[in-house]
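The block underneath contains the structure these notes are about, expressed in structure tokens.
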Amino acid sequence: MGEVNSGGAGTTIQVLEGSETGFATTRFDALLNWARKYSLFQYPFITACCAMEFMAMASPRFDMARFGAEAPRFSPRQADLLWVVGTISQRQAPALKRIYEQMADPKYVFAFGTCASCGGFYDNYTTLAGIDKVVPVDVYVPGCPPRPEAVIDGLLLLQDKIARGDRTPAIVKPRRDPTVHAGNLVRLGKKSTAT
Amino acid sequence: MSKRVLELLKSKFGDDIYETHSQFGDDTAVVNPEKWRAIAQFLRDDPQCAMSMFVDITAVDYHGRQTPRFEVVLHLRSLERGHRIRLKARVGDDEGTSVEIDSLVPVWKGANWFERECFDMFGVVFKGHPDLRRILMYPEFVGYPLRKDYPADKTQPLIELRNVPDKLPPFGIDEGMPFGRQTHDYPRGEETN
């Protein structure tokens, strides 16, 4: 009899070896979440330049298929994961909301890039300041555009959250925290008289 | 280049041409907004001008810098003669009301969407335009975003999804043909003005 710790909410899978075939016991929702996290059917809602990075990420070089997230569905009714890739304008926001409403539960939202996360530098009359004004977001990946590694980090974070049944928003942190490494940043603007 | 066009305009319209200048091959005339359409008609029809191509119409907001606050800018080109000209007309008061000028859609049909955009962004009302409504922003939007007195970081409340069963097409029957719609779908003579 072996024991496998699946991580997450302290669920242990017990593998009983009594015959040639064997069987395993686990909690039902843990099994369900395990199935969900490896079969993310995605709906790409792609509006702007982050699309290029999304294509690079979906192509064989970075290979999302490794994580069970390779099947794009071009109908929201068949999708589990909504990728919002790019800037969303005020005029487009109700369409995004309708797309989200059309998805069947369980559904997850992935904010790809700074514009989808918070509006980015488009602080003006036409741009929605973050898609969380209209739909709940599971994972934010900042970056303009984010590196594919960051997006894969976000995807693994989402899988981890699905396994744990956790719906609080998560953020992929930058590899170098600018508040910690602020001394290395180039200072712009006027030369200060203090130095 | 086309200083001859400026000379023609001055001889034809006299005092309605307020000022002209030519620099680096760009010929500009500031004209009386009352004569806006008449001058455009002349530039299109006169064989020496023959401005067959409407290039662009837009506006500039000189808020607090000059008293007719807006400057409507029109660019034209002649495909036959290869020259171009820029026309300007100054309209509007400091509050941004009564910003009115004649529409050029009766002269060039291509002006239609440009004037709608100009109305959308600056609130310039084009008199005689067949369908003057917003083209880029949504109908619930309040104000004109490219005016200098519109706050740069102002956001407006989110709108609901508009569910219109008989959705308005973006353009009318006289504003070009979408793919697949043939002229024989309409009675003879109706497809053109």
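Remarks
- When only alpha carbons of the range B:85-160 are considered, Rg and Dmax amount to 13.5, 44 Å.
- Rg/Rh ratio calculated on Cα atoms of the range A:40-171 (Kirkwood radius): 0.93
- FRET E, pair residue A:29, residue B:63, Förster distance 56 Å, beta-carbon r, rounded to 0.05: 0.35
- Local net charge near residue A:123, Cβ-Cβ under 12 Å (Lys/Arg +1, Asp/Glu -1): 0
- Amide proton proximity set for residue A:88, modelled H, under 5 Å, gap of 5+: A:128
- For the range B:3-151, alpha-carbon Rg relative to the globular expectation (2.2 N^0.38 Å, N residues): 1.04
- Order of A:152, B:85, A:171 under a 10 Å beta carbon neighbour criterion, fewest first: A:171, A:152, B:85
We did not get these values from a lab; they are worked out from the coordinates using the rules stated. This one's a predicted model, so the numbers in the text were calculated from it and none came from an experiment. Backbone-built Cβ (ideal geometry, glycine too); neighbour counts: all protein chains shown.
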